[in-house]
1. Indicate the gyration tensor shape class of the stretch 13-66 (rounded, prolate or oblate), computed on the Cα atoms with a ≥ b ≥ c the square roots of the eigenvalues: a/c under 1.5 is rounded; otherwise a/b larger than b/c is prolate and the rest oblate.
2. How do 62, 111 rank when sorted from fewest to most other Cβ atoms within 10 Å of their own Cβ?
3. Work out how much length residue 86 to residue 8 would gain on full extension: take 0.36 nm times their residue separation and subtract the Cα-Cα distance, in nm to one decimal.
4. Would you order 4, 24 from fewest to most other beta-carbon atoms within 10 Å of each residue's own beta-carbon?
5. Calculated from the structure, Cα extents along the principal axes in Å equals which of (1) 42, 42, 25; (2) 54, 35, 27; (3) 40, 30, 25?
6. Taking neighbour Cβ counts within 10 Å as the exposure measure, how do 138, 1, 70 sort from fewest upward?
7. Once you have the Cα-Cα distance between residue 127 and residue 47, take 0.36 nm times their residue separation minus that, and quote the gain in nm to one decimal.
8. Please give the length that would be gained between residue 37 and residue 1 if that part of the chain were fully extended, namely 0.36 nm times their separation in residues minus their C-alpha to C-alpha distance (nm, one decimal).
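Every read-out reported here was derived from the displayed coordinates using simple, explicitly stated rules and does not represent laboratory data. Just so it is clear, the structure is predicted and the values come from calculations on it, not from any experiment. As a convention, Cβ positions derive from the backbone with ideal geometry for all residues, glycine included, and neighbour counts pool all protein chains shown.
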C-alpha cells in the first residue's frame, strides 16, 4: 500500500514491464520485484528521488521516445507536453497519448508532464488527476523540506 493506493509490478526477462493500481493474486516475488517494492517504498517515504530499475515498457518507437524523455525529468520538476513534442518533432497530442499509454507510471514519471498553460492535463493511473496532483505535491514538498 502506498500514498496513492495499492500498486502491483510485473516483470519479464528480469525487467519491469508493467506497474498498475490494485492488488493482484500473490505471484512469485522475484529479487527484481522485491527491489521494485523497496524502491517504491523509499520513494513514498521521501528517501528516494530517482529509481534505478531495469525497465522494458512495450510500445511504439514514438511512445518509447516520449517515455525516455519522461525519465529524464528530474524529481520535483515538470515539463510541458509541447516542449517534449518539439524535441521529438511530434505533436503535443501524440505526447499526451503516449503518456496515457505509459505501462509503468511513477517509475516512468508521466505525472511530471503538464500543459503549457499551467493546466495539469490528464492522468490514467489511480484516481486520475487527483493522483497526479498528489504525486506532484509530494515531490515538491520533499524538495522544499530538503532545501530548508
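1. On the way: a/c = 1.82, a/b = 1.25, b/c = 1.46.
It comes out oblate by the Cα gyration axes.
2. Ranked by crowding around the Cβ, least crowded first: 62, 111.
3. That pair, residue 86 and residue 8, stretches by 24.8 nm at full extension.
4. 24, 4
5. Entry (1).
6. 1, 138, 70
7. Value of the extension gain: 26.4 nm.
8. 12.0 nm
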